[in-house]
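The values are calculated or read from the model by the stated rules, or taken from the named source; none is laboratory data. Because the structure is predicted, anything quoted here is derived from the model rather than measured. Reconstructed Cβ throughout: ideal geometry from the backbone, glycine too, with neighbour counts over all protein chains shown.
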Amino acid sequence: MYKVMFVFRFKHLSYLYCVGMDYTKKAMFVVNLYSPNDDVQLDFNTAHYPSELIRHLKEEKTKIDSGFYSITTWEMQLYDEQSHS
């Protein structure tokens, strides 16, 4: 089972990095994907990635292309020891 956490783009290179979690292996993953004009090409140079991951990314493609997972919209919440005591 996979979960996309965030994506960051290199527009001048037409590539993006997708960062997420692989809950089966209990590990993070980072994949480099070709994305000209904000249109992820999941059949381009992805044969070395697990097929289940590519299937999941295809389900999330619309959100990835639209910027839903963009790191610029990602909010990190810092641990506050006082609020947890």
Test: residue in region 22-36 that is in contact (Cβ under 8 Å) with a residue 24 or more places away in the chain, out of contact with any Cys (no Cβ under 7 Å at 6 or more places or on another chain), under 14 Å from R9 (Cβ atoms) and outside any loop (DSSP other than H, G, I, E, B): no
The lone exception for F44 - which of (1) under 18 Å from K3 (Cβ atoms); (2) touching a strand residue (DSSP E or B) at 6+ places or on another chain (Cβ under 8 Å); (3) not acidic (D, E) it fails: (1)
Unique residue being touching an Asp or Glu at 6+ places or on another chain (Cβ under 6 Å), within 20 Å of I71 (Cα to Cα) and surrounded by 11 or more Cβ atoms within 10 Å (Cβ to Cβ) when the list is V31, V4: V4
Residue, farthest from R9 (Cα to Cα), within region 37-60, restricted to residues that are touching a residue at least 12 places away in the same chain (Cβ under 8 Å) and not in a helix (DSSP H, G or I): Y49
Leading residue by the ranking (surrounded by the fewest Cβ atoms within 10 Å (Cβ to Cβ)) among those in region 55-84 that are of a type in the set (A, V, I, L, M) and at pLDDT below 80: L78
